[in-house]
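Throughout, read-outs are computed from the coordinates displayed, never taken from laboratory work. Just so it is clear, the structure is predicted and the values come from calculations on it, not from any experiment. Note that we place each Cβ from the backbone using ideal geometry, even for glycine, and neighbour counts take in every protein chain shown.
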Amino acid sequence: MSIVLKTACLLMASNLFMTFAWYAHLKDMKGKPWLWAVVFSWGVAFFEYLIQVPANRLGDAGGLTLGQLKVLQEVIALAVFIPFAIFYMRDQRTPWSDYLLASGCLLGAAYFMFRSRLGS
């Protein structure tokens with residue numbers, strides 16, 4: 001498995017934790033004081049960092065630039081966020097077309113950041 005693919009898999013796992021840390025309290029802890037939500041989020045984010053830090057170190061050691069790591073993380077973040085928002089949070093306010101357009105923009109960003117690795 002390539003370094004980029006290993007890094008992407010680890011970033012995907014860390015983004016699952018990150019997305020829950022950032023947004024799940026909006027659904028699951030509405031009636032709780034905000035401080036409880038902060039403690040919950042920090043607890044979940046701890047596990048995100050246990051995966052994210054090694055992912056970025058692996059990508060860096062494998063020759064990915066800082067910009068490539070960031071754009072890769074953003075593409076993965078949106079890929080994780082969209083199903084989370086639609087299926088877990090039941091967000092009906094954002095149309096599919098907006099998610100598709102945002103995804104297209106990020107894929108364009110990924111192309112430009114990775115085109116030297118693609119041989120373009």
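If only the Cβ of Lys and Arg carry +1 and only the Cβ of Asp and Glu carry -1, the dipole of the chain around its Cα centre is close to 20 debye.
A DSSP coil position with no more than 15 other Cβ atoms inside 10 Å describes the following trypsin sites (Lys or Arg not before Pro) in region 26-109: Lys30, Arg90, Arg93. Between Val53 and Leu100, residue separation times 0.36 nm minus the direct Cα-Cα distance comes to 14.0 nm.
With a/c under 1.5 counting as rounded, go ahead and sort the chain into rounded, prolate or oblate using the C-alpha gyration tensor (a ≥ b ≥ c being the square roots of the eigenvalues; past the cut-off, prolate if a/b is larger than b/c, else oblate).
Working: a/c = 3.13, a/b = 1.45, b/c = 2.16.
Here the chain falls in the oblate category.
The distance between label points at Glu74 and Ile86 comes to 2.2 nm (points 7 Å beyond Cα on the Cα→Cβ vector). Summing charges over all other residues whose Cβ lies under 12 Å from the Cβ of Ala77, with Lys and Arg as +1 and Asp and Glu as -1, gives -1.
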